[in-house]
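Comments concern the structure below.
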Amino acid sequence: MQNPQDKILIGEAYYFDVVGRQIVAKGFGQFDPANYHLKAELSTTAPGTYNKLFIVIKTRSQYVTPFAFYRKQLSENSVYTPAYDVRAYLKWPVNAGIESILRKSTTINILINAEHAPDTVITNVDMKNITSTITKRAATSRICYATYKNINLTISSTHSILRTNKLTISTDKSRLQTYLNYAFSHTKGSFQITDIGKILLAFQLYWISHFDNTHCLIQSVDLRGIAILHLANPYLESISPTKYRPSISLQDSMKPLTLIKMTHFFINPNRQKTLGSYSKIGLAFTRIIDYRFHTNSNVFHMNIANLIFALQSFAEGIAENELKKQHRKSKNETVKSIEKAIQLIQLSGDINDNVKKFYNKPTNIVYHLLTRPTFNQSLNIALEKLGIRIENHKTMLKVIQKARQQVVHSEGYDVEFLLSILTSTVSQIEIGEKDPKTKFVRIDGQLEKLYILLREMIIRYFDNYSN
């Protein structure tokens, strides 16, 4: 039986220009919340090129839009028929107005399922009324709090009581649903709609770092007073290969300071080049999140490439910052030497013109190429900075370097080799020649070992994070 909340939403549809805050195309459309599919037919009302468009459907009580910006060139008197499968969508009330989605809020909440043992609810049902008794531990209460550079996080326990609608003589018709609420707030600023995505990235990275063997169900993401985000896949699945899927409990260590540092990294309030999802380290984080939680590519070597690129970006991001500090004192001397070398090459009559042309580059480009470390240099610098012994990972890194040459430098694919690092194997170890009993030992695939190293790098990075 279909949930009433999953009925297809039909109504007027618009292209809404976020920058100009105006409707630039109108028509009709529908959205299927069960399958997360949207389609519409729209006619241009304001031709032009737009870089940030929302496709909005207006129902009787709410606006609905995919959580994504679209770039579109709209021609006069043209009709467009967009159709998308979406990962997430936003809902907000019609009476607030279509532009209200662009307002700012001081709070974003993420609500997830959690265990509050030994919380219980007892319900007594008779012909006249329903009475429920709930233990005090299930009441909403603050568990922990952290703040980092004007961004705050409060983690609280909360609950709801789910009841059936039938009045039957039974004491087993109510169920206690327990949650954890992560409330993010600004001390001196506010959040806008795009910050929801950044905080979700931080939350996913936090889950990978500290709760990778724990199952998570995200009940809701709420930009308070503005809109609610619904996810096509609200689950952060446990990495455990077993069917057992433990939930987070109030007894678990919540690590609020780590989460708020990760939030600061992705929101990047001061627009630092070394932070945010477009920085090298941020790119590494998004690749790890994509590998861990999103659908794997049908081209299997791309799944390998995701983690290898993540390692390369992570190492380069850390190493470049360290090398900048080291090169700062000697930069002027190095630049003068580069200028002198370029001048000598150009004046020399014994050097081929093609070679002269090759070296005839701006000084800053030559300096960048000269001081840029190799992959192995970056990795050594990064692991040393994070306090991780490279000796413990040498065998795996040697295999990954060979794979990197194939997937990054396109040196030809050895399918059997790439498959071997993807899979886990089982080894049989004999205990003595005459002993009929043998041991079977599971050996993790090299890619799994790389993933474990990346998790350790993430944890160490945010332990020392001070941007």
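Say each of SER240 and VAL94 gets a label point 7 Å from the Cα, pointing the same way as Cα to Cβ; how far apart are those two points in nm?
4.6 nm
Check which residues have an amide H placed less than 5 Å from ASN233's amide H, if you skip close sequence neighbours.
Hits under the 5 Å cutoff: none.
Run down the lysines and flag those whose C-alpha is under 25 Å from the C-alpha of LYS26, throwing out any fewer than 8 positions away in its chain.
Once the sequence-local lysines are set aside, what remains near LYS26 is LYS7, LYS39, LYS52, LYS58, LYS72, LYS91.
From the cross-link list LYS273/LYS449; LYS325/LYS402; LYS149/LYS198; LYS329/LYS398, which pairs have alpha carbons spaced over 25 Å apart?
Exceeds cut-off: LYS273/LYS449; LYS325/LYS402; LYS329/LYS398.
Given H placed 1.01 Å from N in the peptide plane, which residues other than close sequence neighbours of TYR148 have an amide H under 5 Å from its amide H?
For TYR148, no residues qualify.
What ranking, highest mean first, results for peptides 182-192, 268-278 when packing means the other Cβ atoms within 10 Å averaged over each residue?
Final packing ranking: 182-192, 268-278.
Tell me, what ³J(HN,Hα) does each residue in the stretch 51-56 have, in order and in whole Hz, if you take phi through Karplus 6.51 cos²θ - 1.76 cosθ + 1.60 with θ = phi - 60° and put x for Gly and Pro?
8, 9, 10, 9, 9, 10
All of the numbers you see were taken from the coordinates with simple rules; none came from a lab. Keep in mind that what you see is a predicted model, and the values were worked out from it rather than measured. No Cβ is skipped: glycine too gets one built from the backbone with ideal geometry, and neighbour counts run over all protein chains shown.
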